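Encoded as structure tokens, the structure appears first; notes follow it.
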Amino acid sequence: MKYCKNSRGFTLIEMMVVLFVITILLIITIPNATKHNETIKTKGCDGLIKMVEAQMQAYLIDEGVEANSISELQSKNYLPNEELKCPGGETVTIENGKVVTSKL
């Protein structure tokens, strides 16, 4: 049998080292991504609340009265005609002139 003296390739040890490094990187990265998921949900909900509050202010300036409900803002095209939900599933509503969230 002839052996190729000039054959290039990775040895089993080199492949194992590469797989070990990739595994360590995945072990470090995945928990970090899941930890930040809750922060993303909170920030998204805060942003939605601020947007509804801004639209309430615009409605007050344009109409001269405060909006009493989300549907009132939607009927005048200040908000989209869909249920406003935070990324965590909470529904955004207006109660006593304040924007609040409630879990269904």
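Each value in this text was obtained by applying a stated rule to the coordinates, not by laboratory testing. Just so it is clear, the structure is predicted and the values come from calculations on it, not from any experiment. Cβ placement follows ideal geometry from the backbone for every residue including glycine, while neighbour counts extend to all protein chains displayed.
The rows are residues; the columns are (1) surrounded by 10 or more Cβ atoms within 10 Å (Cβ to Cβ); (2) in a helix (DSSP H, G or I); (3) charged (D, E, K, R).
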position: MET16; (1), (2), (3): yes, yes, no
position: ILE27; (1), (2), (3): no, yes, no
position: LYS41; (1), (2), (3): yes, yes, yes
position: ASP46; (1), (2), (3): yes, yes, yes
position: LEU60; (1), (2), (3): yes, yes, no
position: LEU73; (1), (2), (3): yes, yes, no
position: PRO87; (1), (2), (3): yes, no, no
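Rundown of residues vs (1) touching an Asp or Glu at 6+ places or on another chain (Cβ under 8 Å); (2) not hydrophobic (A, V, I, L, M, F, W, C), yes/no style:
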position: VAL17; (1), (2): no, no
position: PRO31; (1), (2): no, yes
position: GLY47; (1), (2): no, yes
position: LYS98; (1), (2): no, yes
position: THR101; (1), (2): yes, yes
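Candidates GLU95, GLU82: the one that is loosely packed, with under 10 Cβ neighbours inside 10 Å and among the acidic types (Asp, Glu) is GLU82. Among residues of region 58-77 that are touching a residue at least 24 places away in the same chain (Cβ under 8 Å), those with a Cβ under 7 angstrom from a residue that is assigned to a loop (DSSP other than H, G, I, E, B), sequence gap 6+ or separate chain, pair up as GLU66/GLY97; ILE70/LEU79; ILE70/LEU84.
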